[in-house]
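Enquirer: Once you've had a glance at the structure underneath, I'll fire off some questions.
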Amino acid sequence: MLKRIILFLVITFGGLALGSLFTTEGASSTWYEALPKAPWTPPGWVFGVAWTFIMVCFSLYMALLSEKVKNKKQLIILFTIQWILNVSWNPVFFYFHKIAMGLLVITALLVIIHVFLFRYYKILAWRSLLILPYAIWLWIATSLNAYIYWFHP
């Protein structure tokens with residue numbers, strides 16, 4: 001089990017690192033600073049703390065799930081889609097400045113995480129709570145992206 005946890009930690013944090021390569025200045029860029037922000041936008045440091053906590057929880061969730069699920073191919077496909085969407089949001093939004101495309105990417109990611117939550121709940125039961133921080137944060141992040149999309153001139 002420890003090997004699975006480490007494997008998923010490496011994959012998930014590797015994805016975050018890869019996505020951040022294309023973030024350039026990210027939230028401190030003049031482009032981002034000029035965008036209209038939702039009143040509920042948290043301070044910048046919250047994003048790093050939140051994503052660290054989320055990826056630790058999600059890695060534990062995936063390690064538990066990969067041990068118990070019967071259809072491993074389907075799980076790998078869903079995980080891969082989740083990984084690609086998660087990695088791609090940063091470059092789409094921060095590097096290419098594609099707000100609408102970023103909203104589509106993050107909405108698709110939100111859907112995929114809910115597929116995990118509802119499809120595998122019976123297998124993990126209460127341990128499915130490990131994916132809730134991811135789902136909750138994605139609702140917040142999606143609302144932040146949507147606010148920028150709707151109020152950007």
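Here, each number is a calculation from the coordinates, and none is a lab measurement. From a predicted model like this one, the values you see are computed outputs, not experimental measurements. Counting neighbours? That spans all protein chains shown, and the Cβs are built from the backbone with ideal geometry, glycine included.
Enquirer: If you check F47 against the conditions, is it closer than 19 Å to K3 by Cα, of a type outside the set (G, A, S) and within 17 Å of the chain's Cα centre (by Cα)?
Expert: no
Enquirer: Run down W31, W89 and say which single residue is under 14 Å from L138 (Cα atoms), in contact (Cβ under 8 Å) with a residue 12 or more places away in the chain and not small (G, A, S).
Expert: Among W31, W89, only W89 is under 14 Å from L138 (Cα atoms), in contact (Cβ under 8 Å) with a residue 12 or more places away in the chain and not small (G, A, S).
Enquirer: If you go through region 62-83 one residue at a time, do you hit one that is buried (at least 18 other Cβ atoms within 10 Å of the Cβ) and polar (S, T, N, Q)?
Expert: yes
Enquirer: So how many residues does region 92-106 have that are in contact (Cβ under 8 Å) with a residue 24 or more places away in the chain and over 10 Å from the mean Cα position of the chain (by Cα)?
Expert: Within region 92-106, residues that are in contact (Cβ under 8 Å) with a residue 24 or more places away in the chain and over 10 Å from the mean Cα position of the chain (by Cα) number 8.
Enquirer: Output the residues belonging to region 44-67 that are farther than 16 Å from L138 by Cα and either touching a residue at least 60 places away in the same chain (Cβ under 8 Å) or outside any helix (DSSP H, G or I) (or both).
Expert: L60, Y61, A63, L64, S66, E67
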